[in-house]
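A quick write-up on the structure given underneath.
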Amino acid sequence: SEAATAMAEGSPAPVLHPKLQPLAFMLGTWRGEGEGGFPTINSFCYGEEIKFWHVGKPVIAYTQKTWKAASGEPMHAESGYFRPTGEGSLEAVIAQSTGLAEVQKGTYDSENQTLELRSALVGNAAKVVEIRRSFKVEGDELRYTVEMGTHTHQVQRHLQAVLKKV
Ligand code: HEM
C-alpha cells in the first residue's frame, strides 16, 4: 500500500515515543567545529556533523562524521544508538570508524539538557581503556567533550566541540 511504502521510506514523520520525550532536546542535525588534543599528539581542528533521529521506537539513532578544518578531508566517523533505560538514565552503543566499539552508560537531565556517559565497555582498542562523553544543549547550540584514558595516560580531554542546529 501507499502507507506501507511511505513508512518504509521513513515518511510521514513518526510520532515521538513517550520514552524519548525527555531526550528530545538532542534530536536534529548539528554542524560545527571542534578541537582535539592529548599529551601524546599534536592538537588539531576539525569540522563535524552530528545527526540524532528516531523512527517512533524508544531509541535514538546517532551518526557523526568529521573532516579536517583546513582541507575538508574526511577524518573520524562513528554511529550508534542511544537508549533511555529508566528515569534519567540511558545507555549508548557506538561503533567507531577506527574499529573501536563502545558501550556507554550514564544519566541525562532534561531540565539542563545534559547527558553524561562513561564507558562500561571499550572493545577492540589498541590504546584506549576508558571513554567519557558529555553533551549539553543550550538554545540552538550543542556542546560536547570526549575524555579518554589510555594504557599510558589518565582520563583527560581528547575532544571538545560546539555545533549549531541546522
Ligand atoms: C589520536 C582515540 C575521536 C582525531 C588518538 C589516539 C587515540 C584516540 C587512542 C592516539 C593517542 C596516542 O597515541 O597516545 C579516540 C577515541 C575517540 C576519538 C576513543 C572517540 C571517542 C577522534 C575524532 C577525531 C580524532 C572525532 C577527529 C575529529 C585524532 C587525531 C589523532 C588522534 C588527529 C592524532 C593522530 C593519530 O594518531 O591519528 N585518538 N579518538 N579522534 N585522534 Fe582520536
- Does GLY139 fit the bill of being free of Cβ contacts under 8 Å to residues at least 40 places away in the same chain, at positive phi and away from the ligand (no atom under 11 Å from the Cβ)? yes
- Is there a residue being in a strand (DSSP E or B), of a type in the set (A, V, I, L, M, F, W, C), touching a strand residue (DSSP E or B) at 6+ places or on another chain (Cβ under 9 Å) and modelled with pLDDT of 95 or more anywhere in region 18-29? no
- Task: List the number of the failed condition for THR152; all other conditions in (1) within 9 Å of the ligand (Cβ to nearest atom); (2) crowded, with 18+ Cβ neighbours inside 10 Å hold.
- Result: (2)
- Message: For region 87-127, give me the residue count where each residue is buried (at least 19 other Cβ atoms within 10 Å of the Cβ) and modelled with pLDDT under 95.
- Response: 0
- Query: So, in region 30-60, of the ones that are of a type outside the set (Val, Ile, Thr) and not in a strand (DSSP E or B), which residue ends up farthest from GLU87 (Cα to Cα)?
  - Reply: PRO39
- Kindly provide the set of residues from region 29-58 that are crowded, with 16+ Cβ neighbours inside 10 Å and in contact with a Phe, Trp or Tyr (Cβ under 9 Å, 6 or more places away or on another chain), ordered by number. TRP30, GLY34, GLY36, TYR46, GLY47, GLU48, GLU49, ILE50, LYS51, PHE52
- Which of the residues spanning region 145-163 are touching a residue at least 40 places away in the same chain (Cβ under 8 Å) and within 14 Å of the chain's Cα centre (by Cα)? LEU159, GLN160, ALA161, VAL162, LEU163
- Task: Just one of (1) under 22 Å from THR150 (Cα atoms); (2) touching a Pro at 6+ places or on another chain (Cβ under 7 Å) trips up GLY123, so point out which.
- Result: (2)
- HIS76: passes all of (1) surrounded by 13 or more Cβ atoms within 10 Å (Cβ to Cβ); (2) under 15 Å from PRO18 (Cβ atoms) but (2)
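The values are calculated or read from the model by the stated rules, or taken from the named source; none is laboratory data. Quick caveat, the model's predicted, so the values are computed rather than measured. Here the Cβ is made from the backbone with ideal geometry for all residues, glycine too, and neighbour counts use every protein chain on show.
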